[in-house]
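Take a look at the structure set out below.
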Amino acid sequence: MVKAARVPEPVPFSAINVTPFIDVMLVLLIVMILSIPLATHKVPIDLPTGIGDPPIERPHQLAIDRGGALFWDGRRIADAELPALLEAMQRDTAAVLHMNTDPDARYDRFDSVLAVVKRAGVDRLGFIGNRPFPN
């Protein structure tokens, strides 16, 4: 005599699969780890305190045109003249440098000029022309 074995009905699996949840959490953790150094990057700037009367400034303008030529107070200068002019400007405590760069100038040119300004130790620096580009 053959006996028939009774197979139980399949019961629905009631546990939650947490593997996708863990994968998403790990991806978010990696994104946060990668983005935190960018958010904590600081540029040291000495801001005015607002105490006392501000000194009368004598601004000098350093301009870069679209071709990369340098202009000091409206006069065209060679690259070799710039360090001497910046050194003379540094001796005057009321002097401030305003940089004005044509929007069509190459960024590497601006970067190299800004490196010369930084090496000269200029700490009173402003940028002219920080306006949105026209449509």
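Within the assembled protein chains, the solvent-accessible surface assigned to D65 is about 50 Å², based on a 1.4 Å probe. Distances between placed amide hydrogens fall under 5 Å for H98 paired with H60, Q61, L62, G126, all partners being 5 or more residues away or on another chain. Phi-derived couplings, Karplus 6.51 cos²θ - 1.76 cosθ + 1.60 at θ = phi - 60°, listed residue by residue for segment 88-96: 5, 5, 5, 5, 8, 6, 8, 7, 9 Hz, with x used for Gly and Pro. For I36, the accessible area of its heavy atoms, probed at 1.4 Å with every protein chain present, is near 90 square angstrom.
For the residues V96, V7, V24, a 1.4 Å probe over the protein chains yields an accessible-area ranking, largest first, of V7, V24, V96. Rounded to the nearest 10 square angstrom, S14 shows an accessible area of 110 square angstrom against a 1.4 Å probe. Heavy-atom accessible surface of segment 61-101, averaged per residue, reaches 52 Å², computed with a 1.4 Å probe. Potential lengthening of the chain between R58 and V11 amounts to 8.4 nm, from the contour at 0.36 nm per residue minus the alpha-carbon distance.
The 1.4 Å probe gives accessible areas that order F127, F21, largest first, as F21, F127. When all protein chains stay in place and ligands, DNA and RNA are ignored, the 1.4 Å accessible-area order of E87, E9, largest first, is E9, E87. With a simple spin-label model that places each label point 7 Å from the Cα along the Cα-to-Cβ direction, the separation between D111 and L29 comes to 3.6 nm.
The values are calculated or read from the model by the stated rules, or taken from the named source; none is laboratory data. The model shown is predicted, which means the values in this text are computed figures rather than measured ones. Methodologically, a virtual Cβ is constructed for each residue, glycine included, from the backbone with ideal geometry; neighbour enumeration extends over all protein chains shown. Remember, those area values only see protein heavy atoms, side chains included, never the ligands or the DNA or RNA. Shrake-Rupley method; radii C 1.70, N 1.55, O 1.52, S 1.80 Å.
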